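The values are calculated or read from the model by the stated rules, or taken from the named source; none is laboratory data. These figures come from a predicted structure and were not determined experimentally. All Cβ positions, even for glycine, are placed from backbone atoms using ideal geometry, and neighbour counts span all protein chains on display. Remember, those area values only see protein heavy atoms, side chains included, never the ligands or the DNA or RNA. Shrake-Rupley method; radii C 1.70, N 1.55, O 1.52, S 1.80 Å.
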Amino acid sequence: MAQSVYIVAIGPQSGKSVVALGIMELLSRRIRRVGYFRPIIPSHDVADNNLQLIRTRYRLHFAYDELFALSHDEAQHLEAEGNTDQVLKIILDKYKHLEAKCDFILCEGTDFSGLSLPFEFEFNADVVNNLGSPILLLLNCHNKSPEDILDALHVAQESFLKKGCTILASVINRVDPFLMETVREKLHEYDMECGACNLECGPVYVMPEEPFLGKPTVGEIARALDAKVIMGDSEELNREVTDFKVAAMSLPHFLDHLVEGDLIIAPGDRAEIILGSLAANFSSTYPSIAGLLLSGGFVPDPQISRLLQGLSYKVTVPIVSVRTDTFTTAMNASGVPPMLTPENDRKIAAALGLFEAHINLPELESRIALVKSTRVTPIMFEYNLVEMAQKHRQHIVLPEGTEERILRASEILIRRGVADITLLGDPAVIQGTASNLGLDLTGVAIIDPVTSPLREDFGQTYFQLRKHKGITEKGAFDTVADVNYFGTMMIHKGLADGMVSGAVHTTGDTIRPALQFIRTQPGVSIVSSVFLMCLADRVLVYGDCAVNPDPNAQELAEIAISSAQTAKLYGIEPLVAMCSYATGTSGKGADVDKVREATRIAKELRPDLKIEGPIQYDAAVDAGVAKTKLPESQVAGKATVFIFPDLNTGNNLYKAVQRSANAVAIGPVLQGLNKPVNDLSRGCTVPDIVNTVAITAIQAQ
C-alpha cells in the first residue's frame, strides 16, 4: 500500500499549487514511483491546470484520466440523488487503481468555486478518512491579523481532529511579510501553553505573501478568455499582469495613467492606443506594459500591422484579441485567478524557492515517513476485502442460484474478479431469471444437483461418512440433492474452496452439512461466529453473536482465540476484550466468574495474544474510562475484538450498535471449520453478499 498525503485548503486562493510543487519536489528526489491524485476536478471539458502542471513537470507516466475520479458536475449529480456513498466509492476505486502503481501519492483536495466552506470541509474529511491519508492543512491568511490567523488555524485543526483525521502538518500561507515574526511568536506562545496536547496537530509552517505568484500572466488570461494571439511567443505571454487599464481616454491622457505591468484593454480598432502603448515600452520615460488585450473582435488594421513589422526593434509586447465588448472583457479578465502553469519556469522557480525557504524540509520529510492515518472506514474495509480476495482467487459455490440477489451479486463478483463462482439450481431457471434481469453471467458455472453426474459420487461419500448415524444409501442420495448439502460436498471433495448460503435458508440449513462432514479445525471443539462491525472510523470484531446460545468457559476461551485469528486475517490487530458486567476484580457472580475463567484459559492457550477480562464494554472501548478502571491494561480503551458471554448479549448488542451508530455489520462470519462456509442473513443486500463471498475467499486462502 502506497503512502499518501492529502492537501486540504481552507479557503480559495490558498496556494495549493505552490505547496503541491514543493512536496512533489521533495518526494521525487527520494521516491521512484510518485503519483498525484485529485478526487474531484472542476470540469471534464477543460484540463485541470494543477494536474497538468504536476504531470508535466515530474513526468508522471499515467494517463490524465487516471489522476482524478469525478468532475464537479458528476459529483453534484450523484449527491443530489442521495448517492454520497457512491461518490466515495468511485473516488476510492480510482485512487486504489493508481495506488497499485505508486510508492507514494500526493492528493489535492477539492477546489469548488461558489460552494460553502462547511460543504468542502465535510467532503474533504470524508474523502481523507476513506483514503486513509494524513492531511496537510493549508490556510489562506491574506489580509488577516495575527490573532485572526491563530484563530483560523485552531478552528481548522480542531474541526479535522474531531472528524478523526490525522494531521501531518499545517501551512499558514500568504501572510503579510511585515507580520511574519509576530505570527511566529504567537504560534510559539501557543505551543508552550498546549505542550504535548499540540503534538497531534504536527508542526506549523508560515509562508509570506509573494506578489509575483499572486498575479496572472497575459497567457493565463488569454487562455481563460479563449483569446486569439496576434503577437507574442510563449515567453512573452508569461509576463505578469499587475493591473488592468481600460483605454477610454484620448492617448495623451491615457499615457498619464500607465503603471508598470498594466494589461491594456481597448477596442481593436483604437490604432492610436495600440501604437502609443507599444511606444511606451520603447521609451525610457514611460513604464513598460504587460500586454494588449483587444476587445470587440477587432484586430489592428493591415497598415498598423505593416508598420509594426517594419520597426527596427522587435516588438516584445504580447497582443491578444477577444470577441467580447470592452466592459465584458475587462470584467472577465479581472476575474482570472493566477496559476502555476507547466510552461512558466519563472513562476515555478519562485514557488519552489518560497516553499524551500520557509518549510523545514527535513522535519516535514520525517513526518511524512512516520505519520499514517489509523482510521478504517466501512468503504475502505469493503474495498480492502475485495482487494485481498482478488490476490489469490478462490472458487466459491453459491447454493441459492435462483435467488435474484445472488444472481446480481454473482455478476459483480465475476466482473470484479473477486472469486470464481458456481451457482446451484436448475440452469434453465437461473438463465431465464438472469436474462429477465438483464444480467450477464458469462464465466459463472451452473450445476443442477438433481441431474448432476456428481450426485452419485457425493451420495456414496455421504453414506460412508454418516452410515454410523443410520443413514441409508438411498437417503444419502436424496440428501445430497439438497443445494446446501451438494455445495458443502463440493468443498469436501476439493471442487470448491468455500460456500456462502442463507439468503433464503436458515442458519441451521447452511451450517448443518458443514458440521456433519467438514468438521472443525484441529484443536477447536466449537464452531462460532463473529460480525465485522464497520463503524465510522474503525472496524471491530464482535463474537459470538449468531451460533452458540450459552458457551461454557472453555468454549468461550476458544471463541476468543478463533475471533482473534479472524481479526488478524482481515488486517485488524487483535486486542481481545472478554466482556462482562464487571471490570477486573470488581464483580462477583456465576456469569462474571465464567468470563474470568475463560480469560484465564485463553491466556494459557495463547500467551502471545493481548486479552483482558472480565471487562465492561465502556472500559474496553473508551480510553478515558479505561484510564480510571484499568490504567495498566494493554487492551482497555483500545479493544478491537469483543467477546460476549452469551448469544443473548452478543446478538442484542451488535444490533443495537448497528442501528444506533449506523454501523455496517458484515457477517455472521463462521469460524473454526476446516474449510469456510458462511451464512447470510435472509434480509441481506447484494453488497452484503459480495462482502461475504470476499470474506469466504480470504478464509479459503
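Could you tell me whether D301 is modelled with pLDDT of 90 or more, open to solvent by 60 Å² or more (accessible area, probe 1.4 Å) and over 30 Å from S14 (Cα atoms)? So D301 does not fit the description; no.
Can you find a residue that is open to solvent by less than 10 Å² (accessible area, probe 1.4 Å) and either in a strand (DSSP E or B) or of a type in the set (F, W, Y) (or both) anywhere in segment 557-564? Among the residues of segment 557-564, not one is open to solvent by less than 10 Å² (accessible area, probe 1.4 Å) and either in a strand (DSSP E or B) or of a type in the set (F, W, Y) (or both), which makes the answer no.
Output yes when any residue across segment 281-293 is among the aliphatic types (A, V, I, L, M), part of a strand (DSSP E or B), within 25 Å of D226 (Cα to Cα) and open to solvent by less than 70 Å² (accessible area, probe 1.4 Å), and no when none is. The answer is yes, given that some residue of segment 281-293 is among the aliphatic types (A, V, I, L, M), part of a strand (DSSP E or B), within 25 Å of D226 (Cα to Cα) and open to solvent by less than 70 Å² (accessible area, probe 1.4 Å).
Sub-7 Å Cβ pairs linking a first residue in segment 404-418 that is within 16 Å of V429 (Cβ to Cβ) to a second residue that is among the charged types (D, E, K, R) and modelled with pLDDT of 85 or more, at least 6 apart or interchain, are I406/E400, ordered by first then second residue. A search for C-beta distances below 7 Å between a residue of segment 21-46 that is over 18 Å from K96 (Cβ atoms) and any residue that is modelled with pLDDT under 80, counting only pairs 6+ apart in sequence or on different chains, returns P42/D111. For segment 299-320, does any single residue satisfy the condition of being within 36 Å of the chain's Cα centre (by Cα) and part of a loop (DSSP other than H, G, I, E, B)? There is no residue in segment 299-320 that is within 36 Å of the chain's Cα centre (by Cα) and part of a loop (DSSP other than H, G, I, E, B). In this entry, I265 is excluded by the filter for residues that are among the β-branched types (V, I, T), in contact with a Leu (Cβ under 9 Å, 6 or more places away or on another chain), part of a helix (DSSP H, G or I) and open to solvent by less than 60 Å² (accessible area, probe 1.4 Å). From the list R270, R223, the lone residue that is open to solvent by 40 Å² or more (accessible area, probe 1.4 Å) and either closer than 30 Å to D45 by Cβ or under 35 Å from the mean Cα position of the chain (by Cα) (or both) is R223. Are any of the residues in segment 263-281 out of contact with any Asp or Glu (no Cβ under 6 Å at 6 or more places or on another chain) and without any contact (Cβ under 8 Å) to a residue 12 or more places away in the chain? Yes, because at least one residue in segment 263-281 is out of contact with any Asp or Glu (no Cβ under 6 Å at 6 or more places or on another chain) and without any contact (Cβ under 8 Å) to a residue 12 or more places away in the chain.
Look at segment 131-153: where a residue is closer than 14 Å to V206 by Cβ and touching a residue at least 24 places away in the same chain (Cβ under 8 Å) and a partner is hydroxyl-bearing (S, T, Y) and open to solvent by 30 Å² or more (accessible area, probe 1.4 Å), sitting 6+ places away or on another chain with Cβ atoms under 7 Å, you get P146/T182; L150/Y190. The residues on offer are A626, A656, A665, and the sole one that is touching a residue at least 24 places away in the same chain (Cβ under 8 Å) and either part of a helix (DSSP H, G or I) or in contact with a strand residue (DSSP E or B) (Cβ under 7 Å, 6 or more places away or on another chain) (or both) is A665.
Could you run through segment 143-183 and say how many residues are part of a strand (DSSP E or B) and of a type in the set (G, A, S)? Within segment 143-183, residues that are part of a strand (DSSP E or B) and of a type in the set (G, A, S) number 2.
For every residue, the table says whether it meets (1) among the aliphatic types (A, V, I, L, M); (2) within 28 Å of P203 (Cβ to Cβ); (3) open to solvent by 30 Å² or more (accessible area, probe 1.4 Å); (4) at pLDDT 85 or above.
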{"site": "A330", "(1), (2), (3), (4)": "yes, no, no, yes"}
{"site": "P342", "(1), (2), (3), (4)": "no, no, yes, no"}
{"site": "A349", "(1), (2), (3), (4)": "yes, yes, yes, no"}
{"site": "A357", "(1), (2), (3), (4)": "yes, yes, yes, yes"}
{"site": "N360", "(1), (2), (3), (4)": "no, yes, yes, yes"}
{"site": "L370", "(1), (2), (3), (4)": "yes, yes, yes, no"}
{"site": "V376", "(1), (2), (3), (4)": "yes, yes, yes, no"}
{"site": "E382", "(1), (2), (3), (4)": "no, no, yes, no"}
{"site": "P399", "(1), (2), (3), (4)": "no, no, no, yes"}
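Of all the listed residues (N548, N484), the sole one being part of a helix (DSSP H, G or I) and either polar (S, T, N, Q) or open to solvent by less than 10 Å² (accessible area, probe 1.4 Å) (or both) is N484. If you go through segment 25-82 and keep only what is of a type outside the set (D, E, K, R), in a helix (DSSP H, G or I), open to solvent by 70 Å² or more (accessible area, probe 1.4 Å) and farther than 20 Å from I348 by Cα, you end up with Q76, H77, A80. On inspection, T433 fails the criterion of being among the hydroxyl-bearing types (S, T, Y) and surrounded by fewer than 14 Cβ atoms within 10 Å (Cβ to Cβ).
Report, ordered by the first and then the second residue, all pairs with beta carbons closer than 9 Å, sequence separation of six or more or different chains, a first member in segment 442-470 that is within 29 Å of A409 (Cβ to Cβ) and open to solvent by 40 Å² or more (accessible area, probe 1.4 Å), and a second member that is β-branched (V, I, T) and in a loop (DSSP other than H, G, I, E, B). From segment 442-470, the pairs are L454/V480.
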